[in-house]
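The values are calculated or read from the model by the stated rules, or taken from the named source; none is laboratory data. Remember, predicted model here, so these are calculated numbers, not experimental data. For neighbour counting, all protein chains shown are included, and Cβ atoms are generated from backbone atoms with ideal geometry for every residue, glycine included.
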Amino acid sequence: MSSPELLYEGKAKKIFRLAGEPDHVLMEFKDSLTAFNALKKGSFDSKGPVNRDIASLIFAFLRGRGVDSHWVRDEGERGMVARRVEIIPLEVVVRNVLAGSTAKKLGLEEGRVLPRPLVEFYFKNDELQDPFVSDDQIEILGIASAADLAELKKQALRVNEGLKDLFHRAGLRLVDFKIEFGRDKAGKILLADEITPDCCRLWDEKTNEKMDKDRFRRDLGQVKESYEQVLQRLRQIGGGK
């Protein structure tokens, strides 16, 4: 039997052509960890399966909240079958609490709660290190129209409300997160990529302990244990229900 055709390999996932399902692809979650635009690299055993399970639980939960995504079903230990989409080259970041480089850039203390969620766009380009871009810059570059941006913001804020509720029930505070969107063959904009501790800042509500990739970025240790605990907490509250 021939190996599946690899279409794309990124920092955290491989994308394969799915035989007999031209409108779907197989996403395989890797064990690798990267930070600072892949300048810092690491891994831990079972990261791929843990992140796949977290992402699937979250996609199922959000679907129940009216947010459609590319997620179709799980496949094996670390695979996810997803609808084939053309990724919009924007990282959509939603911030509820100031943290990390944003707090430092603004000269404000980490942990300050924002008066309302802040939605930002970053141009997906590794060579340029994913720079921040304004709405006008996005339109001028032809990345997305004003109507597209309005839809992305609307969906991102809907995702934020759902995730805040889900993680609160799991005893976690959603500080910020990064998501991506894509267009299916009909042109519909769908939530895509993944939502995991790789792309969310999650703090324990009681202790403010970091439960996400910041443990890797800042050399805090217990990265694997934190990811596994996030999955365990989501399963305990019913996950995608």
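Summary of values
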read-out: Complete set of residues in the range 77-131 that are without any contact (Cβ under 8 Å) to a residue 24 or more places away in the chain and touching a Phe, Trp or Tyr at 6+ places or on another chain (Cβ under 6 Å); value: Pro131
read-out: Whichever residue in the range 188-218 is surrounded by fewer than 20 Cβ atoms within 10 Å (Cβ to Cβ) and among the polar types (S, T, N, Q) and, among such residues, is nearest to Glu151 (Cα to Cα); value: Asn208
read-out: Test: residue in the range 55-64 that is buried (at least 16 other Cβ atoms within 10 Å of the Cβ), aromatic (Phe, Trp, Tyr) and without any contact (Cβ under 8 Å) to a residue 60 or more places away in the chain; value: no
read-out: Single unsatisfied condition, Lys185 versus (1) exposed (fewer than 15 other Cβ atoms within 10 Å of the Cβ); (2) free of Cβ contacts under 8 Å to residues at least 40 places away in the same chain; (3) assigned by TED's automatic domain parsing to the domain that holds Val94; value: (2)
read-out: Residues of the range 105-137 that turn out to be within 17 Å of the chain's Cα centre (by Cα), outside any strand (DSSP E or B) and surrounded by 13 or more Cβ atoms within 10 Å (Cβ to Cβ), as a count; value: 2
